[in-house]
Each structure stands twice: as C-alpha cells, then as structure tokens.
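The values are calculated or read from the model by the stated rules, or taken from the named source; none is laboratory data. Please read these numbers as outputs of a predicted model, since none were measured by experiment. Here Cβ is always computed from backbone atoms with ideal geometry, including for glycine, and neighbour counts include all displayed protein chains.
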Amino acid sequence: MKFRRSLLSIAMILISFSCTALIAGCGQKATVNKEPASPTVPPSASTGVTKGVSLSPRSFQTADFTDFFDKAKQAGTVVSWAGDWKELGADNSAPKVVAELAVKYSYVPVIEAQFFTQSSGKLLRTLDEMTRQSYKNYAVEFARKYTPKYLALGIEVNVLWEKSPKDFEQFVPFYVEVYDAVKAVSPKTKVFTIFQLEKMKGLSGGLFGGVNDPTKAEWHVLDRFPKLDVVGFTTYPGLIYKSPSDIPADYYAEIKAHTSKPIAFTEIDWHSSASPAGWESSEAEQAQFVVRFFSLTKDLGAELAIWSFMYDQKAAEPFNSMGLRRGDGTSRLAWDEWVKAR
C-alpha cells in the first residue's frame with residue numbers, strides 16, 4: 001500500500017553508502033559469512049512484539065542514510081526493505097546491502113519481494129516459466145547467502161486476488177514451490193506472504209473509494225496459503241476511520257479468529273496532515289493512533305510491528321505525511337510515542 005520509492009535510486013545510494021561506510025572499496029566484494037545477517041534482538045518485554053521501520057531515509061544523500069540507520073536503533077530493532085523481486089538477484093542491490101548492514105547497525109532485516117503493482121494488480125512481468133524460475137533462483141540464492149530471519153514473497157496478495165484472479169491462481173502454487181526451496185537451503189528463515197488487512201475485513205470505503213461491506217471479507221484468501229511461518233499484514237485504518245478512537249476494540253483481535261500463527265504487521269501508518277478534505281488529521285491524532293495501535297494489539301502476541309515511514313516521503317496524500325519524523329528532520333509526537341511503546 002505504501003508509496004514505493006525509485007528502486008534504482010535506492011539501490012545506487014545504498015551501494016555508495018555501503019562502499020564508504022562498510023566495505024573497504026567497491027572493487028572488493030564484501031565478505032558475507034554463512035551465519036544469519038541479523039543479530040539476536042530481544043522483543044519488547046511487555047508486548048513481545050519486535051518494533052521497527054521500513055527503509056525510509058530523509059533523502060538519498062549518504063549523510064541521511066547514516067542518520068536513518070542511527071535513528072532506526074531508537075525506533076526499534078527491525079529495518080524492512082520492500083521492492084521488485086528481481087532485486088534479490090541483482091549485484092549490490094538494495095536488499096543485499098540492507099542484509100549486509102544488519103550486523104553493523106544491530107537490526108533484523110525483513111526482506112519483502114514483490115511481483116505486482118498493488119494499485120493496478122498488474123504483474124511486474126508475466127509469471128511464465130522463465131520468470132518463475134528466475135524468481136525462485138533469486139529467492140533461494142539470497143536465502144542461501146544471507147539466511148535472513150524473515151523473507152516475504154508477495155505483498156498484499158489479496159489485492160491481486162481482487163484485481164487479477166488468474167494471476168493470483170498462478171501465484172499460489174508458485175509460492176509453495178519457492179517456500180519449499182527456500183526452507184531447504186535456510187530452514188530457520190521465516191517465509192511468508194503479506195495481506196492487506198482492511199481489504200481482508202471487507203473494508204473498501206473511505207479513502208479506498210469503495211464501500212465497507214464485511215460480507216465481502218477476504219479471509220478465505222488466507223486459507224490458500226497453509227505454508228506460512230508468520231502471517232503478514234499491512235494496516236492503514238486511517239483510510240477507513242476518521243479518528244483513532246473510531247477503530248473498534250476488536251479490530252485487530254479479529255485476526256485470531258482466522259489464524260493461530262504468529263502475526264507480523266509489516267506496514268502500519270496514520271497520516272498527520274490536515275488533508276485531504278473530510279479526512280483531516282493532525283500530528284496529535286497520529287500520535288493517538290500509535291498509542292491505540294499498541295493498546296489494541298497488546299494481547300495479540302504479534303511478532304513484528306513495522307511503521308511504514310521514519311521520514312515523510314514524496315508521495316500522494318495522505319501518504320506524504322505518514323512519517324514519524326518530518327521532512328526537515330524534526331520529530332513528530334508520534335515518534336516519541338512509537339519509541340517509548342512497549
């Protein structure tokens with residue numbers, strides 16, 4: 001759901017950053033041990049959830065990347081990357097650099113490989129035999145080299161079910177094939193796919209532009225993926241509700257009625273600007289949502305909670321004001337609430 005920055009730009013700045021801050025010259029390959037790239041990081045003592053943020057620096061300048069990783073330590077112990085699946089197989093790509101920087105900056109990398117555009121449901125490339133084999137090879141070799149703790153295959157796949165059922169049906173058995181192949185080379189990697197929670201609940205009104213109809217809930221899509229080590233969800237209740245106080249008390253607890261597996265919130269957000277019209281928010285309201293989110297999920301036993309943006313990003317509204325920190329680098333009230341949440 002969240003706005004995706006230019007993958008090429010991110011990859012190039014990460015390559016530059018890793019060469020200056022991590023590797024003694026780009027002419028030499030970084031030595032990557034067979035050990036997992038991520039450190040062992042304890043979750044919150046009270047909720048059991050491991051917090052973090054997605055890769056969302058203030059800018060593509062090297063200094064801003066250094067700042068991002070330094071501040072990510074305050075926001076939690078997870079940094080996620082989401083992007084084109086083929087990046088898993090590219091030399092010096094963003095997901096590889098994120099995996100390699102994990103030890104230096106003491107975070108757990110969550111790698112999310114996408115194969116379609118959520119807004120349209122259009123595949124990035126046709127899932128023909130050649131593409132499927134390439135995607136599988138990329139995932140397997142990435143897992144073999146980096147043994148990531150978390151590897152997601154597909155983001156908001158129920159949206160693909162909505163918009164392109166034929167492609168969804170083709171992906172389901174392919175997911176199982178890749179799951180098995182990744183587990184064969186990296187048994188401890190938690191492999192999963194990600195669902196859009198509001199859509200799963202049948203909520204398509206508000207800023208989604210449709211109608212809220214719980215009778216059209218999509219929980220059955222979850223049943224198509226029995227091989228999930230965790231169940232991933234993106235959640236943007238601010239697109240449905242005008243105030244955090246409007247979110248029902250059982251909003252997140254409902255998930256437990258549909259799965260007993262560990263839960264990972266891979267994207268969480270609420271905007272802070274006084275727009276769009278009719279859906280005005282504020283920085284105080286954004287902070288209220290952070291508090292309410294942790295209150296509503298305290299008994300859920302969630303494994304991961306990842307805020308979508310540390311800094312505001314150049315995106316369409318309301319996504320352009322969802323950062324925990326402003327574009328000028330200063331923190332919002334929501335940052336303080338996120339940092340101290342337990």
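Overview of results
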read-out: Selected residue [of a type outside the set (A, V, I, L, M, F, W, C) and buried (at least 17 other Cβ atoms within 10 Å of the Cβ)] from ASP299, ASP312, ASP328; value: ASP312
read-out: Selection count where residues are assigned to a helix (DSSP H, G or I) and in contact with a strand residue (DSSP E or B) (Cβ under 7 Å, 6 or more places away or on another chain), scope the stretch 318-342; value: 2
read-out: Failed criterion for TYR251 (all others in (1) under 20 Å from LYS51 (Cα atoms); (2) part of a helix (DSSP H, G or I) hold); value: (2)
read-out: Of all residues making up the stretch 70-84, the number that are over 18 Å from THR189 (Cα atoms) and either crowded, with 20+ Cβ neighbours inside 10 Å or touching a residue at least 60 places away in the same chain (Cβ under 8 Å) (or both); value: 7
read-out: Criterion: over 19 Å from the mean Cα position of the chain (by Cα), over 21 Å from GLU218 (Cβ atoms) and touching a residue at least 40 places away in the same chain (Cβ under 8 Å) - qualifying residue of ALA274, ALA284, ALA305; value: ALA284
read-out: Out of SER281, SER308, SER245, sole residue that is of a type in the set (Ser, Thr, Tyr) and farther than 26 Å from ARG58 by Cα; value: SER245
read-out: Single condition VAL53 does not satisfy, out of (1) assigned to a strand (DSSP E or B); (2) β-branched (Val, Ile, Thr); (3) at pLDDT below 95; value: (3)
read-out: Candidates GLU141, GLU162, GLU156 - the one that is charged (D, E, K, R), under 13 Å from TRP85 (Cβ atoms) and in contact (Cβ under 8 Å) with a residue 12 or more places away in the chain; value: GLU141
read-out: Only one of ILE268, ILE306 that is surrounded by 20 or more Cβ atoms within 10 Å (Cβ to Cβ), at pLDDT 95 or above and out of contact with any Gly (no Cβ under 9 Å at 6 or more places or on another chain); value: ILE268
read-out: Which numbered condition VAL97 fails, given (1) β-branched (Val, Ile, Thr); (2) within 18 Å of the chain's Cα centre (by Cα); (3) modelled with pLDDT of 95 or more; value: (3)
read-out: Out of ALA274, ALA264, ALA315, ALA284, sole residue that is part of a strand (DSSP E or B) and either more than 24 Å from GLY210 (Cβ to Cβ) or of a type in the set (A, V, I, L, M, F, W, C) (or both); value: ALA264
read-out: Cross-chain or 6+ apart pairs with Cβ under 7 Å, the stretch 308-332 first and over 16 Å from ILE268 (Cβ atoms), then of a type in the set (Asp, Glu); value: ASN320/ASP312; ARG326/ASP312; GLY327/ASP312
read-out: Qualifying residue in the stretch 222-230 (condition: surrounded by 14 or more Cβ atoms within 10 Å (Cβ to Cβ), within 24 Å of LYS314 (Cβ to Cβ) and touching a helix residue (DSSP H, G or I) at 6+ places or on another chain (Cβ under 6 Å)); value: no
read-out: Any hit, the stretch 26-49, residues being surrounded by 14 or more Cβ atoms within 10 Å (Cβ to Cβ), at pLDDT 50 or above and within 14 Å of TYR311 (Cα to Cα); value: no
read-out: Which numbered condition SER295 misses (of (1) within 25 Å of VAL221 (Cβ to Cβ); (2) without any contact (Cβ under 8 Å) to a residue 24 or more places away in the chain; (3) not in a loop (DSSP other than H, G, I, E, B); (4) not charged (D, E, K, R)); value: (1)
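Here's the yes/no breakdown for (1) assigned to a strand (DSSP E or B); (2) free of Cβ contacts under 8 Å to residues at least 12 places away in the same chain; (3) surrounded by 22 or more Cβ atoms within 10 Å (Cβ to Cβ):
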| site | (1), (2), (3) |
| --- | --- |
| LYS86 | no, no, no |
| ASP91 | no, yes, no |
| VAL97 | no, no, yes |
| LYS104 | no, no, no |
| VAL110 | yes, no, yes |
| GLY121 | no, no, no |
| LEU127 | no, no, no |
| THR131 | no, yes, no |
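So that you can scan it fast, the table gives a plain yes or no per residue for (1) buried (at least 16 other Cβ atoms within 10 Å of the Cβ); (2) touching a Leu at 6+ places or on another chain (Cβ under 8 Å); (3) among the β-branched types (Val, Ile, Thr):
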{"residue": "PRO173", "(1), (2), (3)": "no, no, no"}
{"residue": "VAL176", "(1), (2), (3)": "no, no, yes"}
{"residue": "ASP180", "(1), (2), (3)": "no, no, no"}
{"residue": "LYS188", "(1), (2), (3)": "no, no, no"}
{"residue": "VAL191", "(1), (2), (3)": "yes, yes, yes"}
{"residue": "GLU198", "(1), (2), (3)": "yes, yes, no"}
{"residue": "LYS201", "(1), (2), (3)": "yes, no, no"}
{"residue": "PHE208", "(1), (2), (3)": "yes, yes, no"}
